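Here is the structure we will look at, set down as structure tokens.
Coordinate-derived values only; no laboratory data. Treat the numbers as computed from the prediction; the structure is a model and nothing was measured. Here Cβ is always computed from backbone atoms with ideal geometry, including for glycine, and neighbour counts include all displayed protein chains.
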Amino acid sequence: MVASAFFFSLMSLLVKLAGSHLHSHQIVLARGVVCLVLSWGWLRSHGIPPWGNNRRALLLRGLIGTLALLCFFYTLVTLPFAESVVLQHLNPIFAALLAALLLKERIGARLAVATALCVAGVLAITRPATLFGGSELAGHLPALGIAAGLAGAVCSSLIFVLIRSLGTTEDPLVVVFYFPLVTVPVVLPLALAVWVWPTPLEWLILLGVGVATQLAQVHMTRGLTLEPAGRASSILYLQVALAALWGVLFFDEIPNALTLIGATLIVAGTLILVLRGRGDRGIVPTPE
């Protein structure tokens, strides 16, 4: 799970680097193509039929995942690095709320406290002018970038609920395969409309985005088979610390005190959900 967190953070770093010249739609497309090839090879090597049983639900999972990825990558290239990663990690809170609404799962004190902490954390990071007025504490983050980050987290949480509703009818490798299978044709026209020809170095970075993603998913899948999902997935929040480190090292982004407080509140709130009893599966984040 530590390796998975590292490779997910590396993916985000490479997206941020590529986004200095390339449009986020191009990066999403490149990631989709690489993951599609790797996922197909993975299925072939395991002898698993790729098309699944509930194709409508699988296609819906791929579509929602594509929307989540478009939002997340746009946030990465628009907002400071640490803030964009922290906003994406709100998805367990949205997942718990949606599971309560759509799957009739119980809303308890744990979820109420976790939600309150995460809302406070988002306010501390974004510092909207409506609350902070013209004070020097008011944030200056692009509103569209913040909205995309929140929308991406909601879409990721919908994936969680959809996968839970699929139950045991689909092989996990098939679910992973349908993600890029939908992403590539959906994003291709969007990427062509804003196409900028990458340099040789940028082609390597785009390839690295796909490879890092696949390695992260492989390690995450392995980790979740060795440890209860709630406990194992909590390690994925190492990405928040790594994001802050990459921001300092590569982009000279020094998080201010309110950003650090907000990140702490969000991580604390989500850990309240994912850290349950050893036998309880809890809430599993759905990193893209």
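Okay, here's what the table says:
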item: FRET efficiency estimate (nearest 0.05) - Cβ-Cβ, Arg56 to Ile261, R0 41 angstrom; result: 0.40
item: 3J(HN,Hα) from dihedral phi, segment 2-16, Karplus parametrisation 6.51/-1.76/1.60, rounded to Hz, x for glycine, proline; result: 5, 4, 4, 4, 5, 5, 5, 5, 5, 4, 4, 4, 5, 4, 4
item: Phi-based couplings in Hz for segment 189-203 (Karplus 6.51, -1.76, 1.60; Gly and Pro marked x); result: x, 5, 5, 5, 5, 10, 5, 10, 5, x, 6, x, 5, 5, 4
item: Ordering of 212-220, 184-192, 11-19 by packing [mean C-beta count within 10 Å, highest first]; result: 11-19, 212-220, 184-192
item: Unit charges on C-beta of K, R, D, E only; dipole of segment 2-274, Debye; result: 720 debye
item: Cα gyration tensor of segment 2-61 - equivalent ellipsoid semi-axes, whole Å, descending; result: 27, 16, 11
item: Full-stretch length increase - Ala193, Arg110 - with 0.36 nm per residue and alpha-carbon distance subtracted; result: 25.3 nm
item: Per-residue Cβ neighbour rank within 10 angstrom, fewest leading, Arg127, Arg61, Arg31, Arg55; result: Arg55, Arg127, Arg61, Arg31
item: Kirkwood hydrodynamic radius of segment 32-126, Cα pairs, Å; result: 16.3 Å
item: Coordinate range along principal axes, alpha carbons of segment 2-274, Å, largest first; result: 59, 50, 31
